[in-house]
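Q: Sharing a structure with you now.
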Amino acid sequence: MSDEIESLIRREYEAGFVTNIESETLPPGLNEDVIRIISAKKNEPEWMLQWRLEAYRKWCDMEAPQWAHLQHPPVDFNAISYYSSPKSKDDAPKSLDEVDPEILETFEKLGIPLHERAKLAGVAVDAVFDSVSIGTTYKDELAKAGVIFCSISEAIKDYPDLIQKYLGSVVPQQDNFYAALNSAVFSDGSFVYIPKNTRCPMELSTYFRINELNTGQFERTLIVADEGSYVSYLEGCTAPMRDENQLHAAVVELVALGDAEIKYSTVQNWYPGDENGKGGIYNFVTKRGVCDGANSKISWTQVETGSAITWKYPSVILRGDNSIGEFYSVALTNGYQQADTGTKMIHLGKNTKSTIVSKGISAGRSQNAYRGLVRISPRAEGARNYTQCDSLLIGDQCGAHTFPYIENKNPDAILEHEATTSKVSDDQLFLCRQRGIDEEKAVSMIVNGFCKEVFKELPMEFAVEAGKLLEVSLEGAVG
Amino acid sequence: MTPHDLKQQAQQQLAQQASLDWLSLPQKAQATFAALDMPTRKTEAWKYTPLTALLNTPYFAHTAAGQVDESAAADRLGQLGDVSRLVFVNGHLHPGLSSYSDLENQGIVTLFSNANDAQRELINAELGTAFEPQQHVFATLNYSCIEDGVLIQAPTDFKVQQPIQLVYLSSGEAQPALAQSRVLVYGAAGSSLELIEQYDSLGETNVFHNQMTEISLQPNARLTHLRLQVEHESLSQVNGLHVKLAAGSHYEQHALAFGSALKRNDININFNGSNAYCRLNGVFLSKHKQHIDNHLNLEHGVPHCNSDTVYKGFITDSSRAVFNGRIHIHKHAQKTEAHLNNKNLLLSKQAELDTKPELEIYADDVKCSHGASIGKLDDKSLFYFQSRGIDRATAEAMLCLGFVNEMVEQFPNTAVIELARQRLAEFFNDVDQLNHLWTLE
Amino acid sequence: MSKTPLLEVKDLVAEVDGKTILNGISLTVNPGEVHAIMGPNGSGKSTLANVLAGRDDYEVVSGSVRFKGQDLFELEPEERAREGVFLAFQYPVEIPGVSNMQFLKASVDAVRKHRGQEELDAPSFMKLAREHCKELKLKPEFLKRGVNEGFSGGEKKRNEILQMALLEPSLALLDETDSGLDIDALQVAAEGVNALRNPERSFIVVTHYQRLLNYIVPDYVHVLAGGKIVKSGGRELALELEEKGYSWIQ
């Protein structure tokens, strides 16, 4: 049976094409001059440059973390180019009409049409191609509601007060090695501000695409939900198939003020590498939100099927009383993929609640780890946490691991953690096959069922996509 | 140079003290100990257990047992009926308090210093093999100097009728003292044995007890292991227990442990043969400023082995407790069923509990689970008591005791349950009005 | 002969999590009477029993309850129990590690002490408990097990009756004692209750089904709907309800 599995571990990565456009790319290497060039190219104000340089200097004194259950050769940070942008007439296209048609076509192939005729109904999209945001849809409609949704580069110029107030307020420059690197060299990303008592009229979405060879992508996302507001945000990612490992080190910061709610969903499908483990994205991402005000809520939902390496822990700092943090995750690894992902729930306020549901699926020769921290501070009276981590193993060459850290300093808190590991049972498979369903379809059905609790948290369009993605990612995993 | 910390002092002293000349282990252990760094807060396995105070104390290693009040010591031993007993005081065997001549004559209990050629060979072959020295710096410290030790050997297909009671007493010394003792248990194929470990104190103590126990169960051997760590809260202790399980062997442990100035238990179970089984049942309690750290590691290295682990924690006052339970299923360990559960009662605002159950799994056809919970006393249960006329304070006390008792009442030896309850009564004496509740049948 | 009421409930309004469950209940129970409270699911009948026993999940908004002439809401749950209010739980909670015997003795001691009676010594208490066990067809080992731990549904309910027998309450609230019992277990439980009936002791029997009332015959039947008593009558009301269903009332 395991030979069969071997022979079947092949999968199609549908987003693996390369777009041929002229681009402007900095030579590989990192030093203060590179940062000055990035900042200059983006016409940034002096304070932004200084902030970047500060981060860079801190980064120089830091070391890459070694504690994760991941194995990879050290990343050569001088072999990476830190800036690449499509070469168009102007540095930043004024509207989507000015965007290179090849790029628009790229996004269309990925299922993200940007032009007016076909743009996704009810979803505003900010598309980031290599290092640069190439356009945002539905800008006018959003402006009517007072919602700011633009690239972070624009925001630095247009909303300096908000940026200076919130950038780095959740993930400080020196938070960790990759966050420091990102703070120094981030090229673009999205900025969202939802005004007080405003329900964002549509889903907001950013789509990230790495195209250029040997470039890293370092986007920075900042979402601020002012008091009583609500926003749902979606993030998707793909990259071409390349033999080299490419670095993606993003930072996402969420700020929910009193009574505000942010729902952040990710479908991550970076190129995972080929069947021999060659190539693929190294995904080192810092995502963190702070429930700053009372009764606020931050909910992370992620479906992670891509990347050669995934290192990410979307977290919530529950500072406001009665605030709520949620983390729903499906992480599927196949081939030689490695994932070390989970969350941190830091309970500071009274009656704060967190829920963690993590579903890990390991197939092929992959390694899949859940790593989580739940910390209850002495003043978090009435705090509650419920954690459920389930792992499913497909084949005998992979690994599934669970590393929860639970730290409690409050006797009034109640915490529950449960984890299970099992394989797709022969009984389940037999039942499906006896009813005429082939094995691969049966496994995909069972895996989908296994992930149901998480999928139901995704916005509808994404839930369907996630299900399909899982099916594609599992192709060849079963014997 | 006058040593000012544990490591320097130990190295200087242990190199001078004589180990048994036929043992090969001490030299190796000395070299490993010298090369290893002592753990810091950044060492993952010691993340929640600060060692600064311990490591900065130059504990003095005595070569013989000091004076001890024999009648006071005898009072601590409990009434366990017909047992063979070895009593150690601050790491040294105390012949006057011990009685094991029957089993000594049968060759079941032998001091290393009295070992015959075959036994020496066995000790050389087994000692230091149940764990990875790099991971256990205190084990290498213990083995750096082996002036003596105890070999417990259950013969092939033989059921040892008398339980063996090992008592480790600690008492005060003139200066902070290092107490080290070591026991090797070898259960030959088809043998059966009951071991009772009792760690107890004669009042306040400034001893650092660094204990090593290695257990090797051959095919189909059985060991029932009861463990009471009920010392005075001034004690510091690092306790390594490393078990190797051959095919079809059966290891069952029941433990009760109190916190102390520092207490660290490393329990390391290695499944080396298929169809072996391990059950770990434990309850730990900490109060005042005590600290207790339980590190359990189950290495499922081969297929068809099962393990069940249940550990409960009771944490109050300003104490701190740590639980780390790891299940590691190796690549070929198919058909493993391993379950681990850690339930805790945290009762004070100044107390802290850190729990970390871990699963590391490299085989697919397995059933594994772990659970951890931390909570306060259950409101529904409290109401049930109150609705029967029982006041809240008594209800809380009864629920606390019930929480602990649920584990203790499973001990497969009623005399040990009795002893455990006596110590629990002492423990709870200054916690609440819990004492009398133990007396009811 | 006019009696002093044992229990007087007046215009009782109670809520859970801001939701009104009891919406103005009035009920008078005299010594020796058996009252059945019936009603569809969610009508508030279990809430009434729990409010009277003092469970703090429920908030009393208004109204009054006098028990033996004193304000019941002034009393903590254990004080109510000692005064003679007994709740037989619908779902008795499991308490591992605390033996049934330990629990029963602590309870009986507390209640006896309150009544100015002497504490029973361990042997005589044990003897008494064993006798009651026998009547309820419970094996003596039952007393050594953890409170309700691993008990079957029938054993849990019989354990409640056992406690009632030992505590000798003046008002027993039976909260759906019949739920989850087969007919044999139901008979045993009902016999246990009937054995405790006397001219001084009153019962409030909360049930969804009429069948329990075949065995524990009530003096009065009240039908609860939407948090109010919508109809009261004698035993025949229960039979009528069974025939016509709750929709007949609403």
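Q: Take the Cβ-Cβ distance between C:THR4 and C:ILE183 as r, set R0 to 45 Å, and report the resulting FRET efficiency rounded to the nearest 0.05.
A: Between C:THR4 and C:ILE183 the formula returns 0.75.
Q: At the nearest 100 Å², what buried accessible area, both sides summed, do you get for A and B when the probe is 1.4 Å?
A: Summing both sides, the interface buries roughly 2800 Å².
Q: Which residues does a label at C:GLU135 reach in region C:174-196, if reach means a backbone N under 15 Å from a point 7 Å past the Cα toward the Cβ?
A: Counting backbone N atoms under 15 Å from the label point, the list is C:188-196.
Q: Given N residues in region C:1-48, what is Rg(Cα) / (2.2 N^0.38 Å)?
A: 1.34
Q: Using a cut-off of 16 Å between alpha-carbon atoms, which aspartates and glutamates can reach B:LYS367, once sequence neighbours fewer than 8 places away in the same chain are excluded?
A: A:ASP390, A:ASP396, A:GLU418, A:ASP426, A:ASP427, B:GLU299, B:ASP308, B:GLU337, B:GLU358
Q: Relative to a virtual label point 7 Å from the Cα of A:SER169 in the Cα→beta-carbon direction, which members of region A:241-277 show backbone nitrogen distances below 16 Å?
A: Flagged as within label range: A:252-262.
Q: Determine how large the accessible area of B:VAL302 is when every protein chain is in place; take a 1.4 Å probe and give Å² rounded to the nearest 10.
A: 30 Å²
Q: Something else now. How crowded by other chains is C:138-150, given as the mean number of beta carbons from other chains within 10 Å of each beta carbon? Could the numbers behind the result be given before it?
A: Working: counts 0, 0, 0, 0, 0, 1, 2, 0, 4, 5, 2, 2, 0.
Whole-number average of other-chain Cβ neighbours for C:138-150 is 1.
Q: If you take the square roots of the eigenvalues of the alpha-carbon gyration tensor of region B:197-354 and sort them as a ≥ b ≥ c, do you get rounded (a/c under 1.5), prolate (a/b over b/c) or oblate?
A: Prolate shape, in that a/c is at least 1.5 and a/b is the bigger ratio.
Q: Treat each spin label as a single point 7 Å out from the Cα along the C-beta direction, and report the B:GLU132 to B:ALA174 distance in nm.
A: Output for this residue pair reads 4.3 nm.
Q: Of the peptides C:234-243, A:180-189, how do they stack up when ordered by the mean number of other Cβ atoms within 10 Å, highest first?
A: Working: C:234-243: 15.4, A:180-189: 26.5.
Answer by packing, highest mean first, reads A:180-189, C:234-243.
Q: Project the alpha carbons of region B:279-354 onto their principal axes and report the range along each, largest first, in whole Å.
A: 45, 15, 14
Q: Based on the Cα coordinates of the protein assembly as shown, what is the per residue volume of their convex hull in Å³?
A: Enclosed volume per residue, from the Cα hull, is 211 Å³.
Q: What is the average number of partner chain Cβ atoms found within 10 Å of a Cβ in A:421-431?
A: The per-residue average across the peptide is 3.
Q: Moving on to the next point. Could you give the Stokes-Einstein D for chain C in µm² per second, using the C-alpha Kirkwood radius, 25 °C, 0.890 mPa s?
A: Working: Rh = 18.6 Å.
Using the Kirkwood radius from Cα pairs, D works out to 132 µm²/s.
Q: Per residue and in Å³, how big is the convex hull formed by the alpha-carbon atoms of region B:158-203?
A: Each residue corresponds to 66 Å³ of Cα convex hull volume.
Q: Something else: May I ask which of A:LYS312/A:LYS353; A:LYS344/B:LYS7; A:LYS344/B:LYS47; A:LYS58/B:LYS289 have a Cα-Cα span longer than 29 Å here?
A: Beyond 29 Å: A:LYS344/B:LYS7; A:LYS58/B:LYS289.
Q: Moving to a separate point now. Just counting partner chain Cβ atoms within 10 Å, what average do the residues of peptide B:400-409 show around their Cβ?
A: Mean shielding count: 4.
Q: State the antiparallel share, in %, of DSSP beta bridges confined to the protein assembly as shown, rounding to the nearest 5.
A: Counting only bridges with both partners in the protein assembly as shown, antiparallel ones make up about 15 percent.
Q: Quick check on packing: order C:130-137, C:105-112 by the mean number of other C-beta atoms within 10 Å, highest mean leading.
A: Ranking the peptides C:130-137, C:105-112 by packing returns C:105-112, C:130-137.
Q: If A:LYS441, C:LYS113, A:LYS41 are ordered by their accessible area, calculated over protein heavy atoms with a 1.4 Å probe, which sequence runs from highest to lowest? Show your work: numbers first, answer last.
A: Working: A:LYS441 90, C:LYS113 145, A:LYS41 60 Å².
Sorted by accessible area, descending: C:LYS113, A:LYS441, A:LYS41.
Q: Which residues does the label zone of B:ALA118 cover in region B:133-166, counting backbone N under 14 Å from a point 7 Å along Cα→Cβ?
A: The answer is B:153-158, whose backbone nitrogens lie closer than 14 Å to the label point.
Q: Relative contact order for region C:205-250: what is it in percent, counting Cα pairs under 8 Å that are at least 6 residues apart?
A: RCO, region C:205-250: 33 percent.
Q: Still on this structure: Under the classification rounded if a/c is under 1.5, otherwise prolate if a/b is larger than b/c and oblate if not, where does chain B fall, given a ≥ b ≥ c as square roots of the Cα gyration tensor eigenvalues?
A: Numbers: a/c = 1.38, a/b = 1.22, b/c = 1.13.
Because its axes are fairly even, with a/c under 1.5, chain B counts as rounded.
Q: On to the next question. Over 31 Å between Cα atoms: which of A:LYS144/A:LYS263; B:LYS343/C:LYS113; A:LYS468/B:LYS356 fall into that group?
A: B:LYS343/C:LYS113; A:LYS468/B:LYS356
Q: Enumerate the calculated ³J(HN,Hα) couplings along region C:94-99 in order (Karplus 6.51 cos²θ - 1.76 cosθ + 1.60, θ = phi - 60°), each rounded to whole Hz, writing x wherever the residue is Gly or Pro.
A: 8, 10, x, x, 9, 6
Q: As a check on your grasp of the helix formula, calculate [θ] at 222 nm for chain C: sum -39500 (n - 2.57) over DSSP H runs of n ≥ 4, divide by the residue count, round to the nearest 500.
A: My calculation for chain C gives -10500 deg cm²/dmol from helical runs alone.
Q: Using the Cβ atoms and a cut-off under 14 Å, what net charge is assigned to the surroundings of A:ASN408, where Lys and Arg are +1 and Asp and Glu are -1?
A: +3
Q: Moving on to the next point. Sequence neighbours fewer than 8 away in the same chain don't count; with that in mind, list the lysines whose C-alpha is under 23 Å from C:LYS244.
A: Within the straight-line cut-off, C:LYS244 pairs with C:LYS45, C:LYS228, C:LYS231.
Q: For the residue pair A:PHE77 and C:ASP56, what label-to-label distance in nm results when each label sits 7 Å from Cα along the Cα-to-beta-carbon direction?
A: It is 5.5 nm.
Q: Now for a separate question. Where Lys and Arg each count +1 and Asp and Glu each count -1, what net charge lies around C:LYS19 among other residues with Cβ under 14 Å from its Cβ?
A: Taking every other residue near C:LYS19 into account, the sum is -4.
Q: Calculate, for A:LYS452 and A:GLU275, the FRET efficiency according to 1/(1 + (r/R0)^6) with r their C-beta to C-beta distance and R0 45 Å; round to the nearest 0.05.
A: Calculated transfer efficiency: 0.95.
Q: Of B:HIS232, B:HIS332, which has the most accessible area and how do the rest follow, probe 1.4 Å? Don't skip to the end; give the middle numbers.
A: Working: B:HIS232 65, B:HIS332 130 Å².
Greatest to least solvent exposure: B:HIS332, B:HIS232.
Q: Cα to Cα, under 12 Å, and not fewer than 8 places away if on the same chain: which aspartates and glutamates meet these conditions relative to A:LYS409?
A: A:GLU381, B:ASP317, B:GLU352, B:ASP354
Q: I would also like to ask the following. Could you tell me the accessible area of B:THR156 in Å² (1.4 Å probe, neighbours in place), rounded to the nearest ten?
A: 90 Å²
Q: Give the calculated FRET efficiency between B:GLN422 and B:SER318 to the nearest 0.05, with a Förster radius of 30 Å applied to their Cβ-Cβ distance.
A: Details: r = 25 Å, r/R0 = 0.85.
Rounded to the nearest 0.05, the efficiency is 0.75.
Q: Taking the Cα-to-Cβ direction at C:ASN194 and at B:GLN27 and moving 7 Å from each Cα, how far apart do the two end points lie in nm?
A: Label-label distance for C:ASN194 and B:GLN27, simple model: 8.9 nm.
The values are calculated or read from the model by the stated rules, or taken from the named source; none is laboratory data. Because the structure is a prediction, the values reported are computed rather than measured. Every residue, glycine as well, gets a Cβ built from its backbone with ideal geometry; the counts of neighbours run over all protein chains shown. Protein only, heavy atoms only, side chains kept; ligands, DNA and RNA dropped before computing areas. Shrake-Rupley method; radii C 1.70, N 1.55, O 1.52, S 1.80 Å.
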